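Trainee: Below is the structure I would like to discuss, written out as structure tokens.
Each value in this text was obtained by applying a stated rule to the coordinates, not by laboratory testing. Just so you know, these numbers come straight off a predicted model, no measurement behind them. Glycine gets a Cβ as well: all are built from the backbone with ideal geometry, and neighbour counts include every protein chain shown.
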Amino acid sequence: MKPRKFTRRQVLTATSAGILGSMLNFSFRPFGIADPAQIKKLAINGGDKVHPGAWPSWPEWDQSAEQGIIEMFRSGRWWRGNGEHVAEFEKKYAALMGAKRCLATASGTTALLTALKVAGVDAGDEVLVSPYTFIASYNVIFAHRALPVFVDSDPETFLLNPKKIEERITERTTAIVPVHIYGLPVDMDSVNKIAKSHNLMVVEDACQAWLAEYRGKRAGTLGDLGCFSFQNSKHLPAGEGGAIISNNEEMIDRCHAYHNCGRPYGSMKTGPGNMYNGLNYRMQQSQALILMSQMKRIEKDNDVRLSNALYLDKKLKAIPGIIPYRAAEGATRAVYHLYPFRYIKEEFNNVPREKFIQALNAEGIPCSTGYGKQNKDGLIEEQLTSKGYKRLFSEARLDQWREENVLPGNDQLCDQAVTFYQSILLGTKTDMDDIVNAITKIYENRASL
Ligand SMILES: Cc1ncc(COP(=O)(O)O)c(C=O)c1O
């Protein structure tokens, strides 16, 4: 009998299909062919890795930006006050997003701080916010001396559950901050409908959602104001940076003033002396130049991420205990700042999620848990028990807040989520197959963990 030769990948694919036994039905293993027993054994238990190679790195520098950046530095015009690049970036970003206007800021946090101020959030107000998010989404509410009120998550979508919004509204609620976490669009029709009927402002936290779409419109253009981050890990990175977009020009004028020490802008009335409150949250010229060079690749990169994410969805959902996220009603394009799925340990012989993650990392597939149960974080009590909050809110309201701070959907999500970082999704289809094969391998060997 002629010996059959198998590549590592064929062996793994066969393992996935449960037909390894029949493939190994030969008596002679030619020199140079990997040992199937080593391949089948989990890497965490000393077997071979499914993916021994590297993954795409991030961020990627574009050398063609260097000349312009050096010229700007040599000119000494480093701040937006005497340079043209930040304004040029604002025009380009607004056009890319399909928004009338954009204001660039120093960071996503300062974009949110500015947007909340202009949305009218004031000391003693309440603001509804997604709990499954980066800490900045609600720290900015505390910074305005308002009370963040968490709306429970839908574990299937990873997003705030619109059905849980109305029950959290009080007479002090002034705004909703839906977070398009991981670039997965929130059901904005539902959010906007509720906001309209209760006269609330909507500030989208689109800090991870560059070019995500809801009913064909870009995230960030769907509420009153939309905020973005350009921190180093983001799809559009500049080290630090942020932006606010809107179709409401008067609001963007007010954002401009607030982020620039209160100097009136555009449609705003001027007067003697300082008329408006404001801070310095300005973007620098160098950030804008880096962003304009990075903008050249974002659409192509997002296409690759999307195609790989859809491929993973299709393959991973066939594995028991692996549940890819479900798109919210009306979401037409996710951009996957992280690729998320839920791990159901009961299907994996009760192997804890942390052990599953260690096993997957050992196979050469970097992954981690998602966000923790931040509605229980110590910083919240630090605020609620502070002198200022005791003055701003009655004891009864703060006690009620604590009693209602029960989020079963979010707890479930925090316990089950597993995520891949965005640059993993810039890999090849073969890389995606490695992810699928590694998870399948862990599933088939779950008893050995
Ligand atoms: C969802 C979300 N909101 C807000 C921010 C804050 O942005 P920045 O880090 O640019 O201040 C981030 C940044 O990671 C984020 O992911």
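Trainee: With n ≥ 4 as the cut-off for DSSP H runs, can you work out [θ] at 222 nm for the chain, using -39500 (n - 2.57) per run divided by the number of residues, rounded to the nearest 500?
Mentor: -11500 deg cm²/dmol
Trainee: Same structure, new question: Apply the Karplus curve 6.51 cos²θ - 1.76 cosθ + 1.60, θ = phi - 60°, to the phi angles in the range 288-296 and return the couplings in whole Hz, x for Gly and Pro.
Mentor: 4, 5, 5, 4, 5, 6, 5, 4, 5
Trainee: At a 10 angstrom cut-off on C-beta neighbours, averaged per residue, how do the peptides 357-364, 135-142 rank from highest to lowest?
Mentor: Answer by packing, highest mean first, reads 135-142, 357-364.
Trainee: Once the Cβ-Cβ distance between residue 71 and residue 299 is put in as r, and R0 is 35 Å, what FRET efficiency do you end up with, to the nearest 0.05?
Mentor: 0.85
Trainee: For the range 171-181, what does the Karplus curve 6.51 cos²θ - 1.76 cosθ + 1.60, with θ = phi - 60°, yield as ³J(HN,Hα) per residue in whole Hz, taken in order and with x for Gly and Pro?
Mentor: Those phi angles translate into 5, 8, 5, 10, 8, 10, 10, x, 10, 7, 5 Hz.
Trainee: What nm distance separates the two modelled labels at residue 314 and residue 54, each placed 7 Å from Cα along Cα→Cβ?
Mentor: 3.0
Trainee: Also: Quick one: what are the phi-derived ³J(HN,Hα) couplings along the range 209-224, Karplus 6.51/-1.76/1.60 with θ = phi - 60°, whole Hz, x for glycine and proline?
Mentor: Computed from phi, the couplings for the range 209-224 are 10, 5, 6, 5, 10, 10, 6, x, 10, 6, 3, x, 9, 9, x, 7 Hz.
Trainee: Measuring from label point to label point, each 7 Å out along Cα→Cβ, what is the residue 263 to residue 163 span in nm?
Mentor: The answer from the label model is 5.1 nm.
Trainee: From Cα pairs below 8 angstrom and at least 6 apart in sequence, can you work out the relative contact order of the range 137-218, rounded to a whole percent?
Mentor: Relative contact order, the range 137-218: 26 percent.
Trainee: Okay, next question. Counting other C-beta atoms within 10 Å, and keeping those with at most 14, which DSSP coil trypsin sites (Lys or Arg not before Pro) do you find in the range 77-152?
Mentor: Taking the range 77-152 and a limit of 14 other Cβ atoms within 10 Å, the loop trypsin sites (Lys or Arg not before Pro) found are 100.
Trainee: Suppose the chain between residue 280 and residue 415 were pulled fully straight at 0.36 nm per residue; how much longer would it get relative to their current alpha carbon spacing?
Mentor: Extending this stretch completely gives an extra 44.7 nm.
Trainee: Going Cα to Cα from residue 315, which aspartates and glutamates come in below 14 Å? Please leave out same-chain ones fewer than 8 positions away.
Mentor: Answer for residue 315, where 14 Å is the Cα cut-off: 431, 433, 434, listed by chain and number.
Trainee: Let me ask another. With just the Cα atoms defining each centre, how far is the range 362-389 from the range 243-269? Give it in Å.
Mentor: Result: 32 Å between the Cα centres.
Trainee: Continuing with the same structure: Report, in listed order, any pair from 355/441; 234/355; 234/441; 345/429 with a Cα-Cα distance greater than 20 Å.
Mentor: As for pairs spanning more than 20 Å Cα to Cα, those are 234/355; 234/441; 345/429.
Trainee: What does the range 345-449 give for Rg and for Dmax, in Å, if only its C-alpha atoms count?
Mentor: Radius of gyration, then largest Cα-Cα span, for the range 345-449: 20.1, 59 Å.
Trainee: Which FRET efficiency, nearest 0.05, do residue 199 and residue 78 yield, Cβ-Cβ r, R0 41 Å?
Mentor: The computed FRET efficiency comes out at 0.45.
Trainee: Next question. Return one quarter of the surface area of the convex hull spanned by the alpha-carbon atoms of the range 55-207, equal to its mean projected area, in nm².
Mentor: 11.8
Trainee: Using a simple spin-label model with points 7 Å from Cα along the Cα→Cβ vector, what separation in nm is obtained for residue 41 and residue 447?
Mentor: 1.8
Trainee: Could you work out how far helix 85-97 tilts from the main Cα principal axis of the chain, as a 0 to 90 degree angle to the nearest 10?
Mentor: Roughly 60 degrees between the two axes.
Trainee: Also: Could you tell me which of the pairs 164/314; 164/376; 217/296; 117/390; 41/373 are separated by over 24 angstrom between their Cα atoms in the structure shown?
Mentor: 164/314; 41/373
Trainee: Positive end of the charge dipole of the chain (Lys, Arg +1 and Asp, Glu -1 on Cβ, about the Cα centre): tell me which of 264, 247, 348 has its Cα farthest that way.
Mentor: In the chain, that residue is 348.
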